[in-house]
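Trainee: Mind having a look at this structure? Questions to follow.
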Amino acid sequence: MYAIKGVNATPGGRITVHFHDHGYAVKPDQREESLAETLLGEGAGCVTLLVMLASLGAFTVLRKTGAPEAAVDASMCVFLVALCYGALIALLNWAGGVIAGIAIFLFAVATFPALLIPGYRRALRRRRGGRRAPESEPGWVPAAALAGLWHQPDQRGGSVVTVQLADGSVTAYVPAPEQAHDLYARFDALLRSARPAPGQPVQHRSWR
């Protein structure tokens, strides 16, 4: 398998194309970081800790230098808010670990008796040791479904690789400039390996 990430497809949005010997699979790119991870993850915890230290230091300095009471109170309020937010992050992470541990324990207790059944043990070994067939992946397209392939320059200076399938659907793929030739070559190899149906010649344009 060979994957090309960060491809903008129309239609489809931002995707990753997984190439196999007899076809390819298209999978949507997931966001690198969810909103919950951004607000409650380790990075948020580190920022909160820095805010706590900075506000506590500001409170100490302002109090010693005789700063206005409003500034002293504001620094203390920032410290207290950061402290509460940090406590919330710690609590949620701790609760998540506890819930995961309980779920694993309950799963082990529920499935342990089934391990006494030989058929279940064999099925479990096959599932753990076997590899998932590419044809079963979401977004799988066999090489025989390819009907046409084009390459055009993009208006923004990149390249567009357009793929037409036998059902008439057309998808335009815009990869990173350094991956354009590789993407085209992978589709081209699949197109060449497929045998077009009689009376339906393959539409093909070479890379230029």
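Trainee: Checking the condition assigned to a helix (DSSP H, G or I), surrounded by 11 or more Cβ atoms within 10 Å (Cβ to Cβ) and touching a residue at least 12 places away in the same chain (Cβ under 8 Å), which residue from Leu83, Leu53 passes?
Mentor: Going through Leu83, Leu53 in turn, the sole match is Leu83.
Trainee: What number of residues within the stretch 61-102 are closer than 26 Å to Gly43 by Cα and hydroxyl-bearing (Ser, Thr, Tyr)?
Mentor: Final tally of qualifying residues: 2.
Trainee: Answer yes if at least one residue in the stretch 36-44 is under 30 Å from Gly6 (Cβ atoms), at pLDDT 70 or above and not charged (D, E, K, R), and no otherwise.
Mentor: Yes, some residue in the stretch 36-44 is under 30 Å from Gly6 (Cβ atoms), at pLDDT 70 or above and not charged (D, E, K, R).
Trainee: Shifting gears a bit: Name the residue that is modelled with the lowest pLDDT, counting only residues in the stretch 145-204 that are polar (S, T, N, Q) and part of a loop (DSSP other than H, G, I, E, B).
Mentor: Out of the qualifying residues, it is Gln200.
Trainee: Being open to solvent by less than 30 Å² (accessible area, probe 1.4 Å) and closer than 16 Å to Phe19 by Cβ is the filter here, so list the residues in the stretch 143-170 that pass it.
Mentor: Across the stretch 143-170, the qualifying residues are Ala143, Ala145, Leu146, Leu149, Val161, Val163.
The values are calculated or read from the model by the stated rules, or taken from the named source; none is laboratory data. Because the structure is predicted, anything quoted here is derived from the model rather than measured. Note that each Cβ is placed from the backbone with ideal geometry, even for glycine, and that neighbours are counted across all protein chains shown. For accessibility, only protein heavy atoms count, side chains too; no ligands or nucleic acids. Shrake-Rupley method; radii C 1.70, N 1.55, O 1.52, S 1.80 Å.
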